[in-house]
Amino acid sequence: MALMSLSWCLGAALALLCGSPWPQAHSALAPENEVPLRPTTWLPEGKITSITLPKGRTRRLYFTLKKKAPVMSVTVSPCDLPIEWTLAARTLKDKPHKSLQWSTKKSVPEVWWRGPGTEEKMHSFTGSIVNTYRGPSHPHASIYIVRLRSKQQNTQATVYLHEGLGPSGVFPLIPADPRVHTLGVGMTSVTLSWVPSASINSLPHKQKSYEYCVLVNSQQNYPSLCAARESMRREKEQKQESKDKRRRVTVWPILKEWWWQQWHSYPEPQSAPSSLNDEYADLQCVCQGTESVCTVSELLPDTLYYFDVYVMDRLNGTSMAYKGTYARTHEEARAAITSLREGELRWVSFNNRGSNSEQFFSFRPRGVQQSGLLTLQSCGAREKIKVTVSSKGQVLTSQAVGVDLAHIWLQGSPSYLIHLEREGTTTGHISGATNPALTGSLTASVKMQTSSAYHRRGVPSLPSTLQIKSFNRLRGCNSVTLAWMGTEERSLYCVYRRKLGNHEAEAGGASALTAPCLGPESRSDTERVLCKYFQELNPRRAVTTAVIGGLEPGTAYVFDVYLMRRWGIPIKYASKMLKTRKEC
């Protein structure tokens with residue numbers, strides 16, 4: 001049974017294609033004066049007529065004027081594609097016989113077309129914008145013919161005939177200056193203005209049949225609301241087609257599609273809707289109303305947008321377009337990027353007031369290996385600082401920076417972008433505020449250094465502990481003995497001392513013991529006691545000692561040890577407060 005149905009469908013298709021008895025009305029070889037045997041399409045006066053224009057086929061509309069109509073106007077509104085249209089007046093030498101009209105199956109305009117006469121072209125236009133012929137009627141015209149043709153694709157158009165002087169009142173009025181002006185462009189918004197339409201200015205305060213509609217898109221300016229609607233429709237169809245690519249194709253859908261193409265190859269014109277509410281309900285106007293100023297917001301930075309303004313007449317279902325404009329939004333504000341020099345020790349501070357909650361730095365390592373070391377240390381226990389290192393738009397590492405020294409190994413890129421960001425809003429005390437950079441109202445500060453590492457292959461080794469040990473038995477009236485852990489690398493260790501007053505000694509030297517960012521660069525040379533090199537290949541035995549003499553009996557001192565390195569910030573050991581003996 002299925003095979004019989006399939007053979008019947010194939011036979012029907014071949015019969016329709018090869019031996020169709022229907023007249024080939026739309027043959028491209030048909031002469032100009034050959035009129036198809038179809039019902040006449042009359043163009044009524046005072047009524048908007050919508051007509052479909054198949055690609056490459058000429059559509060004709062016929063109309064006659066009243067005897068006392070000296071002036072007329074014909075308005076053609078293309079939808080989304082350029083069309084060609086002409087207006088011609090045909091004058092017949094002899095009127096057709098009544099018997100001829102009734103004895104043939106031809107309509108009256110077709111009989112006039114075949115009859116002897118002359119034809120004069122009154123107007124022609126090619127384009128995609130609304131065009132109107134307005135002028136005197138032909139004194140000897142028997143019938144007027146409007147020809148419309150689309151060369152690119154199937155499209156639509158509307159035609160309106162008006163008899164008499166003055167405007168028809170069906171289409172909104174556009175001012176002499178139809179341009180849309182750009183008042184201001186921001187990063188995410190654009191402000192537009194245009195000359196108000198006389199249709200809206202002449203309206204009573206309570207009547208709201210006219211209003212503006214502002215559309216925005218990132219593709220192009222559209223000459224009409226119909227063009228904007230068709231663009232949205234095609235976009236939806238493309239999305240739907242991508243979903244229906246896997247649908248099954250059989251003989252019956254092909255035959256059915258061909259059948260409906262023949263049936264609808266010459267659709268009859270339809271009257272335009274009386275209201276825009278249904279036809280353009282899917283349009284999303286960013287501004288709608290009677291104001292001639294519009295601010296379009298929520299746009300993307302550094303993006304080109306096209307803006308169109310339309311005047312809509314919801315009572316007659318018509319609209320007219322201003323000359324659209326375009327604008328590119330501004331780029332996002334880029335933060336200043338500071339270049340870091342080789343081995344530079346930098347204090348980075350964030351103000352308590354203001355929006356400067358992040359800072360950017362760049363570093364280019366020297367040498368062919370393109371390796372470097374980034375060292376950071378936060379200057380307060382309650383501060384929240386985050387560092388992110390990226391190269392060529394790719395994030396390499398991101399971590400929090402605290403009081404403990406942080407080392408980030410840089411390798412494999414010619415340049416690095418260092419992003420320091422303050423997290424949250426803290427009001428912690430800034431330790432080590434003896435540096436001038438740290439004075440003022442600050443919420444966070446970071447000590448940072450970058451240096452190239454020519455022969456290193458990783459982060460340098462650190463002591464197993466940063467505590468300083470003292471020996472009570474070796475504590476005298478004029479000297480103390482200190483011990484601390486070193487590393488297997490040969491490094492320089494410097495010891496600093498500071499005498500405490502009576503009030504500081506009673507307080508336990510709290511202010512002096514909580515200064516992680518207090519480095520040797522901020523210390524006086526008179527406070528430096530000694531510097532010595534030390535190296536021990538066995539990390540468990542890497543202990544070094546120093547005897548600090550020249551002290552006063554019964555006096556409290558704060559001792560600091562710094563590990564001086566060629567790369568990175570000097571490492572500060574935990575401060576140690578000791579008091580010499582009064583009697584020995």
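The values are calculated or read from the model by the stated rules, or taken from the named source; none is laboratory data. Owing to the predicted nature of the structure, the values given are computational and were not obtained by experimental measurement. Note that each Cβ is placed from the backbone with ideal geometry, even for glycine, and that neighbours are counted across all protein chains shown. Remember, those area values only see protein heavy atoms, side chains included, never the ligands or the DNA or RNA. Shrake-Rupley method; radii C 1.70, N 1.55, O 1.52, S 1.80 Å.
Pairing each residue of the range 296-309 that is outside any strand (DSSP E or B) with any residue that is among the hydrophobic types (A, V, I, L, M, F, W, C), provided the two are 6+ apart or on different chains, yields C-beta distances under 7 Å for LEU299/VAL190; PRO301/MET187. Going by the structure shown, is LYS106 open to solvent by 30 Å² or more (accessible area, probe 1.4 Å), at pLDDT below 80, under 30 Å from LYS55 (Cα atoms) and of a type outside the set (Phe, Trp, Tyr)? So LYS106 passes the test. Scanning the range 460-474 for residues being open to solvent by 60 Å² or more (accessible area, probe 1.4 Å) and out of contact with any helix residue (DSSP H, G or I) (no Cβ under 7 Å at 6 or more places or on another chain) gives a total of 8.
Looking only at residues in the range 111-124 that are closer than 15 Å to VAL74 by Cβ and surrounded by 16 or more Cβ atoms within 10 Å (Cβ to Cβ), the one that is nearest to the chain's Cα centre (by Cα) is HIS123. The set of residues in the range 355-376 being buried (at least 23 other Cβ atoms within 10 Å of the Cβ) and either modelled with pLDDT under 85 or more than 20 Å from PRO570 (Cα to Cα) (or both) is empty. Considering only residues in the range 70-103 that are in a loop (DSSP other than H, G, I, E, B) and over 24 Å from SER137 (Cβ atoms), the one that is modelled with the lowest pLDDT turns out to be HIS97. Of the residues making up the range 137-150, just one is open to solvent by 40 Å² or more (accessible area, probe 1.4 Å) and modelled with pLDDT of 90 or more, namely ARG149. Is one or more of the residues making up the range 172-183 open to solvent by less than 20 Å² (accessible area, probe 1.4 Å) and of a type in the set (A, V, I, L, M, F, W, C)? The answer is yes; a qualifying residue exists.
What do you reckon, is LEU373 assigned to a strand (DSSP E or B), more than 30 Å from the chain's Cα centre (by Cα) and not β-branched (Val, Ile, Thr)? When the stated conditions are applied, LEU373 passes them.
Within the range 313-354, the residues that satisfy the criterion of being over 30 Å from SER224 (Cβ atoms), in contact (Cβ under 8 Å) with a residue 40 or more places away in the chain and among the small types (Gly, Ala, Ser) are ALA333, GLY343, SER349.
Working only within the range 188-225, note down all residues that are at pLDDT below 85 and assigned to a loop (DSSP other than H, G, I, E, B). Answer for the range 188-225, where residues must be at pLDDT below 85 and assigned to a loop (DSSP other than H, G, I, E, B): SER202, LEU203, PRO204, HIS205, LYS206, GLN207, LYS208, SER209.
Residues that are within 56 Å of the chain's Cα centre (by Cα) and at pLDDT below 65 within the range 483-514 comprise ALA510, SER511, ALA512, LEU513, THR514, listed in sequence order. Count of the range 299-350 residues, restricted to those that are among the β-branched types (Val, Ile, Thr) and open to solvent by 40 Å² or more (accessible area, probe 1.4 Å), is 2. All of (1) open to solvent by less than 40 Å² (accessible area, probe 1.4 Å); (2) more than 20 Å from SER218 (Cα to Cα); (3) of a type outside the set (S, T, N, Q) hold for LEU192 with one exception: (2).
Exactly one residue out of ARG540, ARG565 is open to solvent by less than 70 Å² (accessible area, probe 1.4 Å) and modelled with pLDDT under 95, and it is ARG565.
Inside the range 377-414, residues that are within 30 Å of SER522 (Cα to Cα) and either at pLDDT below 90 or open to solvent by 20 Å² or more (accessible area, probe 1.4 Å) (or both) make up a count of 24.
Beta carbons closer than 7 Å, at least 6 apart along the sequence or on distinct chains, pair a first residue in the range 40-53 that is closer than 13 Å to LEU161 by Cβ with a second that is open to solvent by 20 Å² or more (accessible area, probe 1.4 Å) and basic (Lys, Arg) for THR41/ARG60. Being open to solvent by 60 Å² or more (accessible area, probe 1.4 Å) and either on the phi < 0 side of the Ramachandran plot or of a type in the set (A, V, I, L, M) (or both) is a description that does not apply to LYS572.
Whenever a residue of the range 154-168 is of a type in the set (Asp, Glu), its partners that are in a strand (DSSP E or B) and open to solvent by 40 Å² or more (accessible area, probe 1.4 Å), lying with C-beta atoms within less than 7 angstrom and at least six residues away or across chains, give the pairs GLU163/GLU45.
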